[in-house]
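J.: Please see the structure below; I have some questions.
Computed from the coordinates by the stated procedures, all read-outs in this text should not be read as laboratory data. Note that the structure is a prediction, hence the values are computed from the model and not measured. All Cβ positions, even for glycine, are placed from backbone atoms using ideal geometry, and neighbour counts span all protein chains on display.
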Amino acid sequence: MTTTTGIDPRAPRFAAWITSALLLVATLLGLIGLSATRRSSDWSITSASLAQRTLDPAFVLTVAIAALFLWGLLSPSSQPWSVLFRTLVRPRLSPPAELEDPRPPRFAQGVGLLVVGLGLVLHLAGVPLALPVASAAAFIAAFLNAAFGFCLGCQLYLLLQRTRTIGRGVSGRG
């Protein structure tokens, strides 16, 4: 018996569309920004100051995306995309055929945070292309969820649950 309440499975896909758009913009900004620019024989980011790296538009947008991932991890019901879906979108839709377990999508938010967080840290450390590569990886995962309903983070959660790495107290199929 599970103690969690279900969520509308359309909500994470709705959020994934918005997240995909933001990550695509962050990736494009990263590809034309400090992280991917070369000066003579060296990368611009390696000689940029910490302030310049922090003020790079791709970095700023990716920090905002990371904050949204963190928000979705800590308080999914108050996260802006959840509120937007619940107040503006869901009332216009028929009820979902079934509800889904909120734990896999919440775990996926943590995976997204980890991926973009790593890109942010490596960008600050001056690693060329780290930020656009990380945001592109997160974009691919978000887009797969949005367009096809295939959540990579959710699949990772289920794999870890099957191997009893997480969710040990949860009873499930044997």
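J.: Determine, yes or no, whether PRO128 is touching a residue at least 60 places away in the same chain (Cβ under 8 Å), part of a loop (DSSP other than H, G, I, E, B) and over 30 Å from SER35 (Cα atoms).
T.: No, not satisfied.
J.: Give the number of residues within the stretch 62-87 that are among the hydroxyl-bearing types (Ser, Thr, Tyr) and either in a loop (DSSP other than H, G, I, E, B) or within 11 Å of the chain's Cα centre (by Cα) (or both).
T.: Of the residues in that region, 2 qualify.
J.: Might you check whether a residue that is touching a helix residue (DSSP H, G or I) at 6+ places or on another chain (Cβ under 6 Å) and not charged (D, E, K, R) occurs anywhere in the stretch 37-54?
T.: Yes, the stretch 37-54 contains at least one residue that is touching a helix residue (DSSP H, G or I) at 6+ places or on another chain (Cβ under 6 Å) and not charged (D, E, K, R).
J.: Given the structure, is ASP8 over 20 Å from VAL121 (Cβ atoms) and free of Cβ contacts under 8 Å to residues at least 12 places away in the same chain?
T.: In short, no.
J.: If you go through the stretch 11-38, how many residues are touching a Gly at 6+ places or on another chain (Cβ under 8 Å) and among the charged types (D, E, K, R)?
T.: Number satisfying all stated conditions: 1.
J.: Output the residues belonging to the stretch 61-105 that are of a type in the set (Asp, Glu) and within 28 Å of VAL116 (Cα to Cα).
T.: The answer is GLU100, ASP101.
J.: Just to be sure, is LEU23 of a type outside the set (D, E, K, R) and part of a helix (DSSP H, G or I)?
T.: When the stated conditions are applied, LEU23 passes them.
J.: Report whether or not PHE150 is within 28 Å of ASP8 (Cβ to Cβ) and crowded, with 18+ Cβ neighbours inside 10 Å.
T.: no
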